[in-house]
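Every read-out reported here was derived from the displayed coordinates using simple, explicitly stated rules and does not represent laboratory data. Quick caveat, the model's predicted, so the values are computed rather than measured. Using ideal geometry, Cβ is built from the backbone for each residue, glycine included, and neighbour counts are taken over all protein chains shown.
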Amino acid sequence: MTNRDHADETHESTGVDDSGEMEDPGWPWSFILLVVAGGIYLIFRFIQLGIELFN
């Protein structure tokens, strides 16, 4: 094995481009779905709480 630099290799696995900056992967869909589901759950819980308070 030799210790030479491989200039033709890309840094796709680390998310680092040639300028040394990290790529922004954005929000993962699973996290967005979790936040939306939590928001819907809270809305329904507040509706249920309101119904129970006024009865």
Put a dot 7 Å past each Cα toward the Cβ at Arg45 and Ser30; how far apart are the dots in nm? 2.3 nm
For Ala37 and Glu23 in the same chain, what is the full-extension length gain: residue separation times 0.36 nm, less their Cα-Cα distance, in nm? 2.3 nm
